[in-house]
Amino acid sequence: MTVSQNLEVHPSPGQTHHGRDHARRRLPRGPLRPPAPKVQPRYWPPLACDVITGERTACVWARRVIRTAAPSVQTSNGERSSDPTMQGRTNTVATAFPVTADEPERLRVLQRYGILAAPVPPDLASIVELATYVCQVPHAVINIISAEDANLIAAVGFEPTVCARGDSMCAVTLVEPAPVFVPDARLDPRFADNPWVSGVFGDIRFYAASQLRTPEGPVLGTLCVFDTEARQLTASQRGALDKLARMVVDVLDLHRHQRLLHQALQAADAARRELERSNRALQQFAGQVSHDLRNPLTGLLGHAENLIDIAAIGNDPDAAFCTQRVISSAHRMRTMIEDVLSLASAGGRLHLQPVDLNTLAHAVIEDLDSLITADRARVTVEDLPVVTADPTQLRVLLQNLINNALKFRKPDRPSRIVISATAHRAGWDIAVIDNGRGIPPQDRQHVMDLFTRLHPDIQGSGIGLATCQRIATAHGGSLRLEETPGGGTTAVLTLPTDSAMN
């Protein structure tokens, strides 16, 4: 490999990195040498062009400053003490290492993976063992490169540890465009002065590494193998090492997604608990407000109805008209209060039990008998099943659907309403079919939103269908609106089987 001398970019003051004392570094315990007591200043040589593609690696150089203690001197009694002339002064050893142009983004991706903050995935130990077996070498490590450190999270041949990034051979491999294979590191200008090669920390000769490149592009670190003897790798061994590096990234991706899924599930569970608390508070609030409003409204309505019976009021057209307006407004307000209370209680905690829909439908028709009679409508109840549901909420749903069918009838023909049921694999479709005005296709979903009214000229609060949809959802089902053949609206409530219900 030819070294290109014009590729060197010297560090700027903003690129200086401060490190830890050499004496405090955590070094591997194993066949490699312990650190020497004294470290000489050294500088990395510039990067070389890639021998295959000729591509020059874009990088800058960072300088790591290592602070050392003041030297000691021998006193007259033979003891050693710190040199008083050196107190407050610092000796520094400059260690440079290459940094890729996308270093900030690389560090952000590394943080998103959370590798250094989480337990090491146990699968990685098997991968490094497989790497030593495939390459026939005694040592293999997975090296994650952070801003200032090389973190050996899985290793064979010595214990996982942490060393300064400037001391790591993998810091150079990190910025290379392709895997690195070095038969004898003493002969490679990129590694010849490295303390793991020169004898300061170890006597590495053979070194090979494949980058841990993420799907986004940045490199997290390397999977490297090495030996204290010079050697070569076959083409198949090189390919296998590269595949194992990709397997490491796959394992890290899998554990990252598992962590994100766990966090999402925790957030969903917290949201569910908050929603339940909010629903309970809403029901309590709506019940209290409804009670506080209903009592004075009932008194107002009673006095207004008594007022219309007074001869002086009844015989005065203007007074009678105003009194009647007060009575009508009070009735509308009472209806709206009851609708709001129904919406607040709909979809809350369900009291599930077998419900005979035939009995329930006839009870609802009896409640609406005055409206049905006044409109000269005809309501037909076909054979309906027994379902598992909350009887109170299901009654509110049916009453709202039938009341809508009566309310939105066509003026030129009598109202005809049919309540039917159809079984299917997932449960039951309960349909309320009318021959009224119908709903345009583009409005069928929108009309179930809260306070939506398509016909402002017809009295209503815009809450009924929203309440029905909420009840259907609470039962694990759904509500949809379709067109009745010949004109009108068909509201279909889908109720699941018992096993599919919430």
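The values are calculated or read from the model by the stated rules, or taken from the named source; none is laboratory data. Everything quoted here is computed from the prediction, not taken from an experiment. Cβ atoms come from the backbone with ideal geometry, glycine included; neighbour counts cover every protein chain shown. Areas reflect the complete protein model, heavy atoms only, side chains present, ligands, DNA and RNA absent. Shrake-Rupley method; radii C 1.70, N 1.55, O 1.52, S 1.80 Å.
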**Asked** Could you say whether any residue in the stretch 318-338 is within 20 Å of C468 (Cα to Cα), in a helix (DSSP H, G or I), at pLDDT below 75 and aliphatic (A, V, I, L, M)?
**Response** yes
**Search result, residues across the stretch 281-291 that are within 20 Å of H331 (Cβ to Cβ) and modelled with pLDDT of 70 or more** = none
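Give the stretch 213-232 a look and list any residue that's crowded, with 24+ Cβ neighbours inside 10 Å and under 28 Å from the mean Cα position of the chain (by Cα), or say none.
G221
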**Request:** May I ask you to list the residues in the stretch 211-244 that are free of Cβ contacts under 8 Å to residues at least 60 places away in the same chain and either of a type in the set (A, V, I, L, M, F, W, C) or not in a strand (DSSP E or B) (or both)?
**Result:** P215, E229, A230, Q232, T234, A235, S236, R238, G239, K243
**the stretch 259-280, residues that are open to solvent by less than 100 Å² (accessible area, probe 1.4 Å) and modelled with pLDDT under 75** = N279
**Flag for L241 being open to solvent by less than 10 Å² (accessible area, probe 1.4 Å), within 26 Å of Y133 (Cβ to Cβ), modelled with pLDDT of 90 or more and under 33 Å from the mean Cα position of the chain (by Cα)** = no
**Message:** Restricting to the stretch 301-317, and then to whatever is in a helix (DSSP H, G or I) and open to solvent by 90 Å² or more (accessible area, probe 1.4 Å), can you tell me which residue is nearest to M333 (Cα to Cα)?
**Reply:** H303
**Complete:** Exactly one of L406, L357 is touching a helix residue (DSSP H, G or I) at 6+ places or on another chain (Cβ under 7 Å) and open to solvent by less than 80 Å² (accessible area, probe 1.4 Å), and that residue is L406
**Item:** Residues being crowded, with 19+ Cβ neighbours inside 10 Å and part of a helix (DSSP H, G or I) - total across the stretch 375-395
**Value:** 2
